[in-house]
1. Along the three principal axes, how long is the stretch 24-93 when you take its alpha carbons, biggest first, rounded to the nearest angstrom?
2. What residues have an amide H closer than 5 Å to that of VAL27, excluding those fewer than 5 places away on the same chain, when H is modeled at 1.01 Å from N in the peptide plane?
3. Can you put ASP15, ASP48, ASP69, ASP56 in order of Cβ neighbours within 10 angstrom, beginning with the fewest?
4. On a full-extension model of 0.36 nm per residue, what is the gain between THR88 and SER66, subtracting their alpha-carbon distance, rounded to one decimal in nm?
Amino acid sequence: MVGRSDNDDLDLTPDAVAPSADHADGVVLVAGILGAGPDDSSVRIFLDTAFSTFYDVPKDAVLDRSRVDAAVSPFGVTSTVLHVKQGTQITVQHTSSRTIDHEFLAGDFTAPGSFRALTAFQRPGVATGSERYPTTVTVFDCRTCDAC
């Protein structure tokens, strides 16, 4: 209630995720799913449930850890809030995968000076590797249009 003067019956217990009073000024909270780091001196905290975006946090920069139950976690699974020293340099890392079907260099390569596949210039009965390529011609001072 607004204007209430008797605070004795209010529950003012600090939230579990809040930094302790001795760390309050220099703490950054990082929420995610805690995993093993790439080495013994760090931990990895994943920022999504696809495990594709994460921070590697030095262990000596972690001041405290709070566990978040799956029922209230934004990730839908048991997760963690790390209390990290402010000023600690951590870099967000993102990994992704794609199928080879969508690669840029799929399909036939083209012959020099042409947009036709190399196989279009092979001579019948001649082994691959000894293909003929069309002669590339550069025309100077063309008289077929007004653009030159």
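1. Reported extents, whole Å, longest axis first: 30, 27, 18.
2. GLN86
3. ASP15, ASP69, ASP48, ASP56
4. Computed gain between THR88 and SER66 is 6.0 nm.
Where a number appears in this text, it was derived from the coordinates with a stated rule and is not lab data. Since the model is a prediction, treat every value here as computed from it, not as a measurement. Because the Cβ atoms are built from the backbone with ideal geometry, glycine has one as well, and the counts that use them run over all protein chains shown.
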